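*Asks:* Following this message is one structure expressed as structure tokens.
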Amino acid sequence: MKKLIIEVRVNEYAMRDGNVHVPWTADELGRDAVAIRQAGAAVIHFHARQDDGAPSFESADYVAAARAIRNGTDLIMSPTLGQINVGGDQERIKHIVELAQHPSLKPELVAIDTGSANIDRYDVAAKKFMSADKVYENSHETLMLFCEEFARLGVRPVISAWNGPFLRSGAALMDMGLIPEPAYALLVHCEGGLLGGHPATTAGLEAFLSHLPADRQIEWTVCCKHGNLFPVAMQAIISGGHVSIGLGDYDYPELQQPKNAALVTEVARLARLIGREVATPDEARAILNL
Ligand code: ZN
């Protein structure tokens, strides 16, 4: 069976009220990187954060974080473009352009969300939205520009899909030659009142898989924003998919607020139970043809 690529979504914009182990600073990201690599991770997806946990949009903070990760590991780095449309397309990728100037820090993967979604969370108990005006907007014009810029920089775009139609747009970008094969597609399941993606259920995953273009070579992976990924992760492991887990998405009270490395250990253990080995970063590079 093909080896399993474990990606870790280490921090996103998670605060520490649910789990104190969310890494924010470059030093913390560097230490977490070493621990998840030892546990079996191949890819690290990270957001630069300020000392108090606030989002950072400074290229210098991305360089510091990438340097800390690279100093201790050979992990494939996948920095975010951020979920907030800060000042236009070029502004959203300026840290990727900066990182690509440093050969050892060049991101190998960058996820682009190939569609738009409402990202307000609904509070079932209170019967109201916690916010009601948050739209994560990604026009095709923006997506094509990102793909062209990344091709110039030698960075691989990841198709990040919140629902079936995101995958249809991703397939169109592949059809145009803007995303090379094998593509790496992140199937984003959503729980915790976030309604823009499929639920983390068998039906949610199967709906994604039914939208994967049959005539394209795609390696797919699963994550779950604001919810427990394990039910879907187990199905992905069995079905030949990959797993993207992390404290950025969910604090895992089921596992008594674990560290990121403990989540990787659990995923690797489940994979080995059914005879699937985990990929090293170099083996993941080979699977994804990076
Ligand atoms: Zn992210």
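*Asks:* Just checking, how many residues over segment 96-123 are assigned to a helix (DSSP H, G or I) and under 17 Å from the mean Cα position of the chain (by Cα)? Reasoning before the result, please.
*Replies:* Of segment 96-123, the ones assigned to a helix (DSSP H, G or I) are 96-100, 103-105.
Narrowing the set further to residues that are under 17 Å from the mean Cα position of the chain (by Cα) leaves 96.
Looking only at that region, the number is 1.
*Asks:* Looking at this structure, is Ala68 out of contact with any strand residue (DSSP E or B) (no Cβ under 6 Å at 6 or more places or on another chain) and within 25 Å of Gln38 (Cβ to Cβ)?
*Replies:* Details: out of contact with any strand residue (DSSP E or B) (no Cβ under 6 Å at 6 or more places or on another chain): yes; within 25 Å of Gln38 (Cβ to Cβ): yes.
Judged against the criteria, Ala68 is a match.
*Asks:* When you look at Ala66, is it surrounded by 17 or more Cβ atoms within 10 Å (Cβ to Cβ) and among the small types (Gly, Ala, Ser), yes or no? It would help to see each step written out before you state the result.
*Replies:* Numbers: surrounded by 17 or more Cβ atoms within 10 Å (Cβ to Cβ): yes; among the small types (Gly, Ala, Ser): yes.
The answer is yes for Ala66.
*Asks:* Which of the numbered conditions does Ser56 fail, given that it passes all the others? Conditions: (1) in contact (Cβ under 8 Å) with a residue 24 or more places away in the chain; (2) within 15 Å of the ligand (Cβ to nearest atom).
*Replies:* Going through the list (1) in contact (Cβ under 8 Å) with a residue 24 or more places away in the chain; (2) within 15 Å of the ligand (Cβ to nearest atom), Ser56 breaks only (1).
Here is a yes/no grid of residues against (1) within 16 Å of the ligand (Cβ to nearest atom); (2) basic (Lys, Arg); (3) buried (at least 22 other Cβ atoms within 10 Å of the Cβ):
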site: Glu181; (1), (2), (3): no, no, no
site: Gly192; (1), (2), (3): yes, no, no
site: Leu205; (1), (2), (3): no, no, yes
site: Pro213; (1), (2), (3): no, no, no
site: Arg216; (1), (2), (3): no, yes, no
site: Ser239; (1), (2), (3): no, no, no
site: Leu247; (1), (2), (3): yes, no, yes
site: Ala262; (1), (2), (3): no, no, no
site: Ala268; (1), (2), (3): no, no, no
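*Asks:* If you don't mind, another one. Which residues, counting only those in segment 29-53, are among the acidic types (Asp, Glu) and within 16 Å of the ligand (Cβ to nearest atom)?
*Replies:* Hit for segment 29-53 is Asp32, nothing else.
*Asks:* Still on this model: Residue by residue through segment 249-260, note down the ones that are part of a helix (DSSP H, G or I) and surrounded by 17 or more Cβ atoms within 10 Å (Cβ to Cβ).
*Replies:* Asn260
*Asks:* Out of segment 145-176, which residues are of a type in the set (Asp, Glu) and either within 18 Å of Arg216 (Cβ to Cβ) or modelled with pLDDT under 95 (or both)? Steps first, answer last, please.
*Replies:* Within segment 145-176, the first condition is being of a type in the set (Asp, Glu), and the residues that meet it are 148-149, 175.
Of everything in segment 145-176, just one residue is of a type in the set (Asp, Glu) and either within 18 Å of Arg216 (Cβ to Cβ) or modelled with pLDDT under 95 (or both), namely Asp175.
*Asks:* In segment 88-117, which residue that is over 16 Å from Gly154 (Cα atoms) and surrounded by 15 or more Cβ atoms within 10 Å (Cβ to Cβ) is nearest to the ligand (Cβ to nearest atom)?
*Replies:* Among residues in segment 88-117 that are over 16 Å from Gly154 (Cα atoms) and surrounded by 15 or more Cβ atoms within 10 Å (Cβ to Cβ), the one nearest to the ligand (Cβ to nearest atom) is Asp113.
*Asks:* A further question on this structure: Considering only segment 124-144, how many residues are within 24 Å of Thr221 (Cα to Cα) and outside any strand (DSSP E or B)?
*Replies:* 7
*Asks:* Is it the case, given these coordinates, that Leu209 is surrounded by 24 or more Cβ atoms within 10 Å (Cβ to Cβ), touching a residue at least 12 places away in the same chain (Cβ under 8 Å) and either assigned to a helix (DSSP H, G or I) or among the hydrophobic types (A, V, I, L, M, F, W, C) (or both)?
*Replies:* Taking the combined requirement at face value, the residue does not satisfy it.
*Asks:* Follow-up. Name the single residue that is nearest to the chain's Cα centre (by Cα) among those in segment 1-17 being over 27 Å from Ala271 (Cβ atoms) and within 16 Å of the ligand (Cβ to nearest atom). Steps first, answer last, please.
*Replies:* Filtering segment 1-17 for residues over 27 Å from Ala271 (Cβ atoms) gives 13, 15-17.
Still in the running and within 16 Å of the ligand (Cβ to nearest atom): 13, 15.
Details: Tyr13: 12, Met15: 17 Å.
Filtering segment 1-17 for residues that are over 27 Å from Ala271 (Cβ atoms) and within 16 Å of the ligand (Cβ to nearest atom), the one nearest to the chain's Cα centre (by Cα) comes out as Tyr13.
*Asks:* Still on this structure: Filter segment 118-153 down to residues that are touching a Phe, Trp or Tyr at 6+ places or on another chain (Cβ under 9 Å), under 16 Å from Ser169 (Cβ atoms) and surrounded by fewer than 19 Cβ atoms within 10 Å (Cβ to Cβ), then give me how many there are.
*Replies:* Residues in segment 118-153 being touching a Phe, Trp or Tyr at 6+ places or on another chain (Cβ under 9 Å), under 16 Å from Ser169 (Cβ atoms) and surrounded by fewer than 19 Cβ atoms within 10 Å (Cβ to Cβ): 1 in total.
*Asks:* Only one residue in Ser169, Ser160, Ser131 is within 16 Å of the ligand (Cβ to nearest atom) and of a type outside the set (Phe, Trp, Tyr), so which one is that?
*Replies:* Selected residue: Ser160, the only one of Ser169, Ser160, Ser131 that is within 16 Å of the ligand (Cβ to nearest atom) and of a type outside the set (Phe, Trp, Tyr).
*Asks:* If you don't mind, another one. Considering Val63, Val20, which residue is away from the ligand (no atom under 16 Å from the Cβ), over 17 Å from the mean Cα position of the chain (by Cα), assigned to a loop (DSSP other than H, G, I, E, B) and in contact (Cβ under 8 Å) with a residue 40 or more places away in the chain?
*Replies:* Testing whether each residue is away from the ligand (no atom under 16 Å from the Cβ), over 17 Å from the mean Cα position of the chain (by Cα), assigned to a loop (DSSP other than H, G, I, E, B) and in contact (Cβ under 8 Å) with a residue 40 or more places away in the chain leaves just Val20.
The values are calculated or read from the model by the stated rules, or taken from the named source; none is laboratory data. Just so it is clear, the structure is predicted and the values come from calculations on it, not from any experiment. Here the Cβ is made from the backbone with ideal geometry for all residues, glycine too, and neighbour counts use every protein chain on show.
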